[in-house]
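See below for the structure under consideration.
Every number here is computed from the coordinates shown, using simple stated rules; none is lab data. Small disclaimer: the values here were computed from a predicted structure and weren't measured. Don't worry about glycine lacking a Cβ; one is built from the backbone with ideal geometry, like all the others, and counts go over all protein chains shown.
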């Protein structure tokens with residue numbers, strides 16, 4: 001399937017939906033300010049691996065090997081903002097991309113009401129982007145990123161990009177600096193592909209927030225979130241052929257995720273003074289469920305603009321802690337899927353060739369332990385691989401306003 005065949009029907013569908021919303025708007029409120037903006041990425045990605053498939057995030061059931069594919073990074077989206085009153089607005093964002101069910105069906109990424117009683121206080125309710133990890137809420141908008149995609153080592157353990165819930169943001173000015181704080185509560189709106197099954201994490205309660213300090217060219221953020229899963233992993237069908245009762249029941253109880261919690265801690269700093277751009281982010285994720293390994297990750301990025309061209313270099317890493325308990329070889333194989341021990345060197349070039357348009361070329365050199373399988377797809381039967389993968393990406397990013 002070509003890139004154009006993938007993307008053009010979705011761009012048309014998004015445009016038609018936007019036009020319908022636009023035409024209907026004045027019938028409801030003539031004085032409302034209505035704006036439409038959108039974004040698109042035409043991407044092509046390949047790797048040199050014959051063993052594992054490279055994916056952008058955990059929502060993708062298949063990824064890139066030795067043939068070019070548009071599915072990893074291509075995306076199209078449109079966002080409508082409707083000012084209902086001076087202090088009240090509505091935002092809706094629809095996105096089409098390769099998703100958990102192996103389709104490109106449009107999905108509602110954002111849909112929320114925003115209430116701003118004062119410039120220093122904002123309430124939102126609906127489907128919201130997740131941003132307790134710095135830069136996480138704009139992960140699908142390729143143009144907003146210096147690189148082709150956010151660093152996978154850092155973001156792979158955050159498997160969803162939105163929640164259904166409410167949040168509150170308060171801010172205060174201190175001279176030339178601004179301090180912001182956010183609290184939120186809700187539930188992710190996502191399914192994750194696991195072999196031929198789908199793991200439902202939608203409906204799992206989540207709460208957290210962040211503190212953000214912005215001054216001059218610097219922005220700092222510390223975030224935290226706690227997620228309590230409502231559903232178990234769909235493992236019964238996969239384990240039943242290899243584990244007779246009562247071993248199967250024992251294994252499912254050991255790998256239980258329902259009622260178990262994941263805690264996300266993160267720190268981030270971003271510097272942007274025009275020519276120079278730099279990012280440094282670290283996170284720690286603690287898992288209560290025996291099915292997953294606790295982990296930490298870090299990402300460093302540096303870029304320098306020369307006219308329309310911005311070369312950049314980066315490095316990221318991810319490490320997880322193996323479980324000491326051992327139940328049986330079948331369960332050990334399940335546990336191995338969440339293990340990560342790797343680093344990724346990144347080099348690329350961004351060319352802002354026209355207004356709101358950027359062309360990017362990127363190489364990622366992944367170097368991992370042979371036991372590091374997370375989050376790659378199509379794991380080898382042995383549970384091991386060479387640990388070396390080179391990923392090549394070309395994307396054309398565009399935004400309109």
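Key figures for this structure:
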item	result
Shape of the stretch 66-175, Cα gyration tensor, a/c cut at 1.5	prolate
Residues residue 224 and residue 120, FRET efficiency given R0 of 22 Å [Cβ-Cβ distance, rounded to 0.05]	0.50
Mean ellipticity per residue at 222 nm, deg cm²/dmol - from DSSP H runs of n ≥ 4 across the chain, formula -39500 (n - 2.57)	-3500 deg cm²/dmol
Euclidean distance of C-alpha centroids, the stretch 333-401 and the stretch 229-306, integer Å	17
Residue 306-residue 196 FRET efficiency (beta carbon distance; Förster radius 45 Å; 0.05 resolution)	0.40
Förster radius 41 Å - calculated FRET efficiency between residue 269 and residue 34 (Cβ-Cβ, nearest 0.05)	0.65
Three-way shape call for the stretch 296-401 based on the alpha-carbon gyration tensor, with the a/c threshold at 1.5	prolate
Fraction of alpha-carbon pairs over 28 Å apart in the chain - percent	50
Footprinting exposure proxy for 184, 361, 376 (fewest neighbouring C-beta atoms within 10 Å first)	361, 184, 376
Segment residue 174-residue 378, length gained on full extension (0.36 nm per residue, minus Cα span)	68.3 nm
Folded to 0 to 90 degrees: helix 3-28 orientation relative to the chain principal axis, Cα	50
